[in-house]
Amino acid sequence: MMKTMVHASAWTSLTPAPKQYAWLDQDITCQVAVVGGGISAAMIALRFAQAGLDTVMVSESPLGYGSTAVSSGIMTLSGRDCLTCMAEEIGPERAMTASRLMTEAIDQIEKLCSSFDDACGFQRMDSLRYTERPEEAAKIRREYSLRLHSGMEVELLDSITGSQQFTFPMEAGMYAKNAAAQVDPYRLVHGAAEAAEKAGARIYENTSAETLDESGEEAVILECANGRTIKADYVIMASGIGMSHMLGGIDEVRTTYMLVTEPVAGFAGWRGPCVIHREEEPRLYCSVTEDRRILIGGLDSYYMDEKGRVAGVLDMSPAMDKRFDSLAMTLKEMFPAIPDLTAEYVFASPDASTKDTLPIIGRLPDSSRVAYALCCGDNGILFAEIAGRLLLQQYQGVDNQELGLFSPGRSWRVKR
């Protein structure tokens, strides 16, 4: 991998902005205002607009240029949201419910992408969760058992059967059929936003909503940095981890690193190719894009800002470059039979997670006219789809017990 790597998001580098939206230049009113410019906001705005509600979506930056631009685009149950991990935190029954909702969300996103003029690079894929360490093999077997008995199509791999299908060492692995997907997150945001606009939503970018006032009896008022106001009957905050201070519940924020190669001709030593997650720390994950590029990510560190600084002061750019080099070396070691692997793009992303890895969706308090959709973690895209459906049902007064699984009112999430 001798070519100089470009330090930029592969998604925004490879795709020119499909559309630019106006900034808000007048005071407006609406039924529902969605604050945010990423996948969560776009998916929610689409749901509400399609339900016939007068919906406004307002983004501080150009659409898709926040954490969405540096998302992996991977959707799978084999990351931190595996059944074993969730069962340990919230119990087997709730874990099964969450798993079902996430599986349904993959189906819904597949249908959504197929309805767009641009399918957003969506690919349905198999998945592999594996370990190289004998002491971690029991976790893989436990995950296999849980999925098998919940009706999923899975197979258990050992060191021998694993070596017949992959060129990297494997003590144990769980291969799941059709249980994952890959999408271009930047194109997905624009696809959802365009569909929302066609359904009647008004979308504004480069417009920062600075303050929120729900003290009035008739409307919630959003005041924007440019002095304009939005009066809404209902507001949904979907602006990413920056709003976590309003909710509490974020367990950890780290930085994860990603590398995307030039397109490759073949995938020798990689069954499928499938989405891959390694069980042990430091975590590692791999996928393949629509145009046959390999994405490898992980090697998480303490949180750094976009300039590679810790706490805004200590410059850790050299440490970031070492992680990118390590990803390139690891990829070559995992797949030595794939010739001419060349890294083209490298980028880092903030990676926030809640204690049980699930999103925060709903109102706080329940009587509020402000709802939240904090869809972070490995499966933020799936959580965004779930949030749109559940928040619309809540707004319409539909009683849905599933929303309680993600409620901001769960005791450990309540801000103290």
- prompt: Roughly what would the spin-label model give for Ser317 and Ala225, points 7 Å off Cα along C-beta, in nm?
  reply: 2.4 nm
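Using mean Cβ contacts within 10 Å as the protection proxy, how do 290-296, 333-339 order, highest first? Write down the numbers at each step before the final one.
Values: 290-296: 18.0, 333-339: 15.3.
Output ranking for 290-296, 333-339: 290-296, 333-339.
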- request: Could you tally the net charge around Lys177, taking each other residue with its Cβ under 12 Å from the Cβ of Lys177, Lys/Arg +1 and Asp/Glu -1?
  value: 0
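Please state, rounded to one decimal and in Å, the Kirkwood hydrodynamic radius that the chain gives when every pair of distinct Cα atoms enters the mean of 1/r. All intermediate terms of the calculation are to be shown ahead of the outcome.
Values: mean 1/r = 0.0457 Å⁻¹.
Answer for the chain: a Kirkwood hydrodynamic radius of 21.9 Å.
Mind checking the full-extension length gain between Glu155 and Glu217? Use 0.36 nm per residue of separation minus the Cα-Cα distance, one decimal, nm. Show your work: numbers first, answer last.
Working: separation 62, 0.36 × 62 = 22.32 nm, distance 5.71 nm.
So the extension gain works out to 16.6 nm.
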message: Net charge within 11 Å of Met75 by Cβ-Cβ distance, Lys/Arg positive one each and Asp/Glu negative one each, not counting Met75 itself?
response: -4
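R0 = 25 Å: FRET efficiency of Asp107 with Asp399, Cβ-based, nearest 0.05?
Calculated value: 0.60.
Want the number for Asp340 to Gln164: 0.36 nm per residue separation, take away the alpha-carbon distance, what's left?
Working: separation 176, 0.36 × 176 = 63.36 nm, distance 2.25 nm.
Result: 61.1 nm gained on full extension.
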task: Please list the radius of gyration and Dmax for region 148-228, considering alpha-carbon atoms only, with Å as the unit.
output: 24.4, 67
- request: Using only C-alpha atoms and all pairs of different ones, pull out the Kirkwood radius for region 62-112 in Å with one decimal.
  value: 12.4 Å
- prompt: If we sort 33-41, 396-404 on the protection proxy, mean other Cβ atoms within 10 Å, highest first, what's the order?
  reply: 33-41, 396-404
statement: Taking placed amide H atoms and a strict 5 Å upper bound, the residues 5 or more places from Asp54 or on another chain that come that close are Gln31, Val32
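Scan region 88-162 for GluC sites (Glu not before Pro) in coil per DSSP, keeping those whose Cβ has at most 13 other Cβ atoms within 10 Å, and list them by number.
Values: sites: Glu88, Glu89, Glu93, Glu104, Glu110, Glu132, Glu135, Glu136, Glu143, Glu153, Glu155; in loops: Glu132, Glu153.
Answer by residue number: Glu153.
Of the listed pairs Lys139/Lys355; Lys139/Lys177; Lys111/Lys139; Lys111/Lys231, which have alpha-carbon separations greater than 22 Å here? It would help to have the intermediate numbers written out before the result.
On the way: Lys139/Lys355 19 Å; Lys139/Lys177 19 Å; Lys111/Lys139 33 Å; Lys111/Lys231 33 Å.
Cα-Cα > 22 Å for Lys111/Lys139; Lys111/Lys231; rest within.
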task: Set Lys and Arg Cβ to +1 and Asp and Glu Cβ to -1, take the dipole of the chain about its Cα centre, and tell me which of Ala193, Ala319, Ala337 lies farthest positive.
output: Ala337
message: For region 322-416, I need the span (max minus min coordinate) of the C-alpha atoms along each principal axis, in Å, sorted largest to smallest.
response: 57, 29, 19
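Dividing the convex hull volume of the alpha carbon atoms of region 194-270 by its residue count, what do you get in Å³ per residue?
Numbers: hull volume 17.4 nm³, N = 77.
Normalising the Cα hull of region 194-270 by residue number yields 227 Å³.
Once you list every other residue whose beta carbon is under 10 Å from the beta carbon of Arg389, what net charge do they have if Lys and Arg are +1 and Asp and Glu are -1?
Numbers: positive: Arg47; negative: Glu104, Glu385, Glu402.
Surrounding charge for Arg389 is -2.
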- line: The ³J(HN,Hα) series, computed from each phi in region 122-132 with the Karplus coefficients 6.51, -1.76 and 1.60 at θ = phi - 60°, rounded to the nearest Hz and given as x for glycine or proline, is 5, 9, 7, 9, 7, 9, 10, 10, 9, 9, 9
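Want the number for Leu148 to Asp233: 0.36 nm per residue separation, take away the alpha-carbon distance, what's left? Write down the numbers at each step before the final one.
Working: separation 85, 0.36 × 85 = 30.60 nm, distance 4.56 nm.
Full-extension gain reported as 26.0 nm.
No value in this document is a laboratory result; all are computed from the given coordinates. Just so you know, these numbers come straight off a predicted model, no measurement behind them. In this analysis, Cβ positions are derived from the backbone assuming ideal geometry, glycine residues included, and neighbour counts consider all displayed protein chains.
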